[in-house]
Amino acid sequence: MQHLSTPLFVPECYADTALMRTLLRENSANQARLRAGFVNHQHGIGNVGNLMASQWQPGTARRVLGLVDLDRKFDQQPYLSAFTQVLGGSRVRGAAQHVLLQHPQRPSQVLLALNPVFETWLATRATEIGTTLAAYGIPAEANAFKSYSRAEDKNPDSGLRRLLDAIAVAYHPAYRALAEFVAQVMDLTRPLP
């Protein structure tokens, strides 16, 4: 089986995209290549599943990492619900830990499911490093947060990106677990060819 060298990162929403970009920042040797289009933001969990399914071709094994919230829509997605747990917390919603999943027949396809959902994950991490969402101008209410993250998506100086950077710099254990998993599973400890 041929292994395609360029990984593909598939976050579900704007906030997940900001988290993915922060996680990939950890791998400075890959930063320029990753900025060149290897993060393919999707609009909704169903689109993540559809894109991941479309990336599979017999005889190839492109590394694909999806990033989604483990919310009520997760198990409604046929392709994603087939993924099995390989590491992490629980597939039970609200279990307070992310879960790492892999497709049983397509081992180059992995899924990082945030549990609880991103907004709760972010607010909890902010509190744990001694700050708040409000300190970064980020609304706490779910619909306002979604509107905010959509508007700030391309702004590297947004409050969301600054808070994620603060969490990364603090190397919070919950963040570290995500960063180390992404680096390991996507083989980002060395420069991409």
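Quick check: anything in the stretch 55-63 in contact (Cβ under 8 Å) with a residue 24 or more places away in the chain, in contact with a helix residue (DSSP H, G or I) (Cβ under 8 Å, 6 or more places away or on another chain) and more than 23 Å from Gly159 (Cβ to Cβ)?
If we filter the stretch 55-63 for residues that are in contact (Cβ under 8 Å) with a residue 24 or more places away in the chain, which is where we start, we get 55-56, 59-63.
Going one step further and asking which of them are in contact with a helix residue (DSSP H, G or I) (Cβ under 8 Å, 6 or more places away or on another chain), we end up with 62-63.
Cutting the leftovers down to more than 23 Å from Gly159 (Cβ to Cβ) gives us 62-63.
Within the stretch 55-63, one or more residues are in contact (Cβ under 8 Å) with a residue 24 or more places away in the chain, in contact with a helix residue (DSSP H, G or I) (Cβ under 8 Å, 6 or more places away or on another chain) and more than 23 Å from Gly159 (Cβ to Cβ).
For the stretch 53-82, residues that are polar (S, T, N, Q) and at pLDDT below 80 total 2.
Summed over the stretch 59-90, the residues that are touching a Pro at 6+ places or on another chain (Cβ under 8 Å) and of a type in the set (Ser, Thr, Tyr) give a count of 1. Within the stretch 38-49, residues that are more than 17 Å from Ser149 (Cα to Cα) sit with their Cβ atoms under 7 Å from residues that are surrounded by fewer than 16 Cβ atoms within 10 Å (Cβ to Cβ) and modelled with pLDDT under 85, at 6+ positions apart or across chains, in these pairs: Phe38/Thr6.
Yes or no, residue by residue, for (1) crowded, with 20+ Cβ neighbours inside 10 Å; (2) modelled with pLDDT under 85; (3) part of a helix (DSSP H, G or I):
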position: Leu19; (1), (2), (3): yes, no, yes
position: Ala32; (1), (2), (3): no, yes, yes
position: Leu51; (1), (2), (3): no, no, yes
position: Val86; (1), (2), (3): no, yes, no
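Listed conditions (1) of a type in the set (S, T, N, Q); (2) closer than 17 Å to Arg62 by Cβ; (3) at pLDDT below 85 are all met by Gln97, apart from (2). As for the stretch 139-150, it holds at least one residue that is touching a helix residue (DSSP H, G or I) at 6+ places or on another chain (Cβ under 8 Å) and modelled with pLDDT of 90 or more.
The values are calculated or read from the model by the stated rules, or taken from the named source; none is laboratory data. Predicted model only: the values in this text are computed from it and were never measured. Every residue, glycine among them, receives a Cβ derived from its backbone with ideal geometry; neighbour counts consider all protein chains shown.
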